[in-house]
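We did not get these values from a lab; they are worked out from the coordinates using the rules stated. All of these numbers come straight from a predicted model, not from anything done at the bench. Counting neighbours? That spans all protein chains shown, and the Cβs are built from the backbone with ideal geometry, glycine included.
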Amino acid sequence: MKKILLSTPFLAIMTCILWASTFVPTKIGLEYLSSPLQFAGYTYLIAGVVLMPWARIGPSYFSQVKKHFPLMVKVALFSTTILYGAYYMGQNYIDGSLASLIVSAQPFFVAVLAHFMVRGDRFTPLKVLSILMAVAGLVIVSYPGLEMMSLDRSEGTFIVLGVSLMLVNCISAAYGNIIVSKIDFSKVDIRVLNSAELALGGIFLLAIAALAGQWQPFPAESEFHLALLVKVFIAVATMVTWFALLARPEVKVSELNMWKFLIPVFGSIESWLMISGDNPNVYSVTGMIVLTLSLIIFYNRPLRDFIFGGKKGGEMKKDGTKA
């Protein structure tokens, strides 16, 4: 049982379930604090501070931060500030269905960047087929919302801007994952990196909110505090787990990110269970089946061997050597 609970697939799936659970606390929080950048900034700054005791804050902690400060700023920018800044700003310009579709395609961008930047993490026929199936599933799930979008010329500029920001979100997420996967954690304490990058990312988001004129008083309502607490818990749990998975020598960054295709599946299921009037339809069910099949084909060895004629030449580990 312990082996299963600590396995990469189980931890990746649990992380995706948590990521899919952010909709409700975010919606509640923004009812009391309408500045999304400020809300995100509070979330990640507090998450970073919460992790500091776990990272054994003290002289050695600050020594690590000082020694690897450029790296931590880089991770904070791409894994938190640009990632969530672009996401929240992009949502202001495009329909939620289109935003969800683009963001859910993050694994595709990870695979493309990893192909060029990570040794031993190249495109394969299996990976291409699985990604194409998953993207097709995302399009099917999002089709009703996309069909209802207004494409008037007056809105064209805003749609282009929103799509561009969502693409920045995807590229930032992909590059941030690759940065973390290439870190030598025998020299960098992963706990210090987790807490420092979250705190720095939160500070940068708060600074952007202030410079953009979006600063608002901190809400006093207990409902907001509870929503913020839930968001902080999700941020801590997901970032700690995901960074730990990226640090595993046997894990390829592109293959790990394939699990993110499950986020819209879990998000839709939670929405059906928690939001009145939100019910499954033929598009959502069909899209989820296609998404799930893409992952089954990718991770089920007997099935992929049947489709592709077995493993040829040996699988490559993260360092480029054969398994």
Work out from phi, with θ = phi - 60° and the Karplus expression 6.51 cos²θ - 1.76 cosθ + 1.60, the ³J(HN,Hα) of each residue of region 76-86, listed in order in whole Hz, and give x for Gly and Pro. 4, 5, 7, 8, 9, 5, 5, 3, 7, x, 5
Which one, 201, 266, 235, projects farthest toward the positive side of the charge dipole computed for region 200-288 from Cβ point charges (K/R +1, D/E -1)? 201
Violations at 20 Å Cα threshold for listed pairs 27/74; 67/187; 74/182; 2/252; 182/252 -> 27/74; 2/252
Among the GluC sites (Glu not before Pro) within region 169-226, which fall in a DSSP loop and have no more than 14 other Cβ atoms within 10 Å of their own Cβ? 221
Which ³J(HN,Hα) values, rounded to whole Hz and listed in residue order, are derived for region 164-176 from phi using the Karplus coefficients 6.51, -1.76 and 1.60 in 6.51 cos²θ - 1.76 cosθ + 1.60 with θ = phi - 60°, glycine and proline given as x? 4, 5, 5, 5, 4, 4, 5, 5, 4, 4, 5, 5, x
C-alpha center-to-center spacing [region 58-83, region 223-297] in angstrom: 26 Å
Toy charge model, Lys and Arg Cβ at +1, Asp and Glu Cβ at -1: region 163-224 dipole around Cα centroid in debye, rounded to 20, equals 260 debye
What's the exposure ranking of 132, 18, going from fewest to most Cβ atoms within 10 Å? 132, 18
Nearest-0.05 FRET efficiency for residue 233 and residue 167 at R0 = 45 Å, using Cβ-Cβ distance, is 0.95
